[in-house]
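Peer 1: Supplied in structure tokens, the structure appears directly below.
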Amino acid sequence: MTAKELQYKTTINPYWETYIYGNSALKKQIENNLRSLPNIVFKSAKELNTESSSQQIAIYICDFNSVESMKKTVQNILQTPNSTPATHKIIVSAGNNILDQECLFFSIELGVEYTAFGEKKISDLKKHIKRHIFAPNLPFSISSVYIEIDKHIRTRNDLALKEIADRLLECPKDNEGVLRLQVTINKALRNINKSAFYLKKLLTVNPQNLWAANELGRLYLRSNKVLEGTEQLNKLSQFYDLQSESKPHHKPNELDKKSSKNKSECNDEDMPSALSFLNKPSLSEGVLAFLNMRAVMAIKSDQITNAIRYYKLACNGCPNNNLMKAKILFNIGLAHIKAKDPDSAYKALQDSLMFGGRNFYRAEKPLRALNEAKLAAKQKRAAKNKAENAKISYEDSPGDLAEIELEGVEF
């Protein structure tokens with residue numbers, strides 16, 4: 001890839017056919033706001049024209065307070081007969097509430113490029129589309145550069161990698177593909193600071209870039225900077241921590257009540273039903289990896305309850321993958337041990353063995369430790385009762401749950 005090949009022109013794509021599905025009142029607001037953008041042409045939402053040479057944008061208005069609306073959105077996105085893979089898909093939340101990360105996962109699983117929500121959702125939508133339309137056309141294929149980078153990584157040609165990184169500096173500063181290339185190169189060069197810089201830049205450009213959020217969290221984990229990592233993720237990404245104080249609060253509504261049949265958020269108990277109408281056997285690998293990363297960060301920062309919620313969300317998100325469930329349940333069991341909840345730990349570890357079978361049986365060691373602790377505690381109580389009856393002093397013996405040996409057992 002030469003310097004000449006990296007030259008680019010800021011060109012606007014041919015006109016964009018734009019289709020809007022859903023709520024008529026909000027649809028009118030979106031249309032009025034986007035009319036000022038050049039090359040936007042609104043079309044009937046009845047069908048996407050697969051024979052058109054124009055670029056296409058499909059906007060789906062979804063009420064996340066309604067399971068029925070979410071099901072309708074799934075139908076519109078996945079079952080529209082003339083939709084094309086090249087269509088740029090966007091969801092706009094019907095309410096002004098801040099969405100929990102589970103709702104963003106719902107969008108990601110549908111292949112949606114962006115989800116606009118909150119009080120500034122219309123202006124955020126316009127900014128996203130504007131950036132997408134005015135994106136400079138790169139004269140090279142991102143995938144071809146990845147092939148070149150991979151070749152240099154395998155041959156350990158650091159000099160060639162540095163040359164590619166330098167030439168990429170001539171590209172647009174806010175192109176997500178270029179920024180991801182820079183992350184890949186600097187990870188291979190073991191340059192942690194530059195990797196973090198480009199990951200933060202990626203999240204600044206697109207706070208819904210799950211790959212960047214996951215990579216940044218893992219980078220902070222490897223650097224043993226868990227608290228800083230949590231703070232940065234909550235600051236830069238829209239995948240807010242489940243119990244983050246920095247997360248903007250939304251006003252509760254009647255659907256937030258447990259008695260409601262239609263809950264506004266896909267929490268850990270809702271995820272299996274959400275997956276069922278998504279018609280997918282499991283959450284995508286990226287979402288599961290993100291949940292695991294956040295759970296580990298929570299464990300290492302002693303936010304055990306939060307960690308268990310992340311793990312349960314991941315576990316419910318892979319109902320048909322027994323090996324994955326076994327590994328997650330193993331981690332849930334260890335988290336319960338840290339939380340000094342032996343009964344819950346025992347159940348999770350037993351379930352891990354059941355799902356893991358001969359393929360995953362790491363739960364055996366902590367289960368033995370739990371059984372030994374239970375036996376020691378029982379013996380201790382018996383000795384204490386006997387000592388009290390004999391009116392002699394009693395000194396506690398070992399066997400507390402806190403003394404369970406977890407050396408060599410990793411999350």
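The values are calculated or read from the model by the stated rules, or taken from the named source; none is laboratory data. Every value quoted in this text rests on a predicted model; they were computed, and no experiment measured them. Cβ placement follows ideal geometry from the backbone for every residue including glycine, while neighbour counts extend to all protein chains displayed. Side chains are part of the model used for accessible areas, which takes the heavy atoms of the whole protein and leaves out ligands, DNA and RNA. Shrake-Rupley method; radii C 1.70, N 1.55, O 1.52, S 1.80 Å.
Peer 1: Which FRET efficiency, nearest 0.05, do VAL205 and GLU119 yield, Cβ-Cβ r, R0 25 Å?
Peer 2: 0.70
Peer 1: Along the Cα-to-Cβ line of SER284, 7 Å from the Cα, sits a label point; which residues in the range 129-148 have backbone N less than 18 Å from it?
Peer 2: Residues passing the 18 Å test: 143.
Peer 1: Dipole of the range 98-226, Cα-centred, from +1 at each Lys and Arg C-beta and -1 at each Asp and Glu C-beta, to the nearest 20 debye?
Peer 2: Details: 21 positive and 15 negative charges, 91 e Å.
Result for the range 98-226 is approximately 440 debye, rounded to the nearest 20.
Peer 1: Using only the alpha carbons of the range 302-344, determine the length spanned along each of the three principal axes and report them from longest to shortest in whole angstroms.
Peer 2: Largest first, the range 302-344 extends 30, 17, 13 Å along its Cα principal axes.
Peer 1: At q = 0.13, 0.16, 0.17 Å⁻¹, what is the log10 ratio I(q)/I(0) for the range 91-192, with the Debye formula run over Cα points and no solvent?
Peer 2: For the range 91-192 at q = 0.13, 0.16, 0.17 Å⁻¹, log10 I(q)/I(0) is -0.65, -0.83, -0.88.
Peer 1: Quick query: amide H of ASN97 versus all other amide H atoms, modeled in the peptide plane; which residues come in under 5 Å with a sequence gap of 5 or more or a different chain?
Peer 2: GLY118
Peer 1: While we're looking at this one, here's another question. Quick one: which residues, 5 or more positions from ILE40 or on another chain, have an amide H under 5 Å from its amide H? H modelled 1.01 Å from N in the peptide plane, none for Pro or chain starts.
Peer 2: Those lying under 5 Å, H to H, from ILE40 are TRP16.
Peer 1: Do the alpha carbons of any pairs in LYS130/LYS162; LYS194/LYS338; LYS300/LYS365 sit beyond 28 Å of each other, and which pairs?
Peer 2: Working: LYS130/LYS162 32 Å; LYS194/LYS338 35 Å; LYS300/LYS365 21 Å.
Pairs exceeding 28 Å: LYS130/LYS162; LYS194/LYS338.
Peer 1: Using the Karplus curve 6.51 cos²θ - 1.76 cosθ + 1.60 with θ = phi - 60°, work out ³J(HN,Hα) for each residue of the range 32-39 in order, rounded to whole Hz, and write x for Gly and Pro.
Peer 2: 4, 6, 8, 4, 6, 7, x, 6
Peer 1: Hey, can you find the accessible area per residue of the range 297-386 for me, probe 1.4 Å, expressed in square angstrom?
Peer 2: Values: 4790 Å² over 90 residues.
So the range 297-386 comes to 53 Å² accessible per residue, rounded to a whole number.
Peer 1: Could you tell me what % of all Cα pairs in the range 182-226 have separations over 12 Å?
Peer 2: Working: 565 of 990 pairs.
For the range 182-226, the share of Cα pairs beyond 12 Å comes to 57 percent.
Peer 1: What Kirkwood radius, in Å to one decimal, follows from the Cα pairs of the range 150-208? Let's see the in-between values first.
Peer 2: On the way: mean 1/r = 0.0861 Å⁻¹.
Evaluated over the range 150-208, this radius sits at 11.6 Å.
Peer 1: Between ASP302 and LYS225, what is the label-point separation in nm under the 7 Å Cα-to-beta-carbon projection?
Peer 2: 2.2
Peer 1: For the cross-link pairs LYS89/LYS126; LYS43/LYS121; LYS71/LYS312; LYS325/LYS347; LYS280/LYS347, which exceed 20 Å when the distance is taken from alpha carbon to alpha carbon?
Peer 2: Numbers: LYS89/LYS126 14 Å; LYS43/LYS121 22 Å; LYS71/LYS312 23 Å; LYS325/LYS347 14 Å; LYS280/LYS347 27 Å.
Correct reply: LYS43/LYS121; LYS71/LYS312; LYS280/LYS347.
Peer 1: Using θ = phi - 60° and the Karplus curve 6.51 cos²θ - 1.76 cosθ + 1.60, what whole-Hz ³J(HN,Hα) does each residue of the range 344-352 get, with Gly and Pro shown as x?
Peer 2: 5, 4, 4, 5, 4, 5, 5, 5, 4
Peer 1: For VAL92, what residues show an amide H to amide H distance below 5 Å, using hydrogens built from the backbone and excluding near sequence neighbours?
Peer 2: TYR60, ILE61, CYS62, ALA116
Peer 1: Find how many whole Å separate the alpha carbon centroid of the range 313-384 from the alpha carbon centroid of the range 159-206.
Peer 2: 41
Peer 1: Using 7 Å Cα-to-Cβ label points, what is the LYS378/SER141 separation (nm, one decimal)?
Peer 2: 6.6
Peer 1: May I ask you to evaluate 6.51 cos²θ - 1.76 cosθ + 1.60, the Karplus curve with θ = phi - 60°, for each residue of the range 184-199 and list the ³J(HN,Hα) values in order in whole Hz, giving x for glycine and proline?
Peer 2: 4, 5, 6, 5, 5, 7, 6, 9, 5, 5, 5, 4, 4, 4, 6, 5
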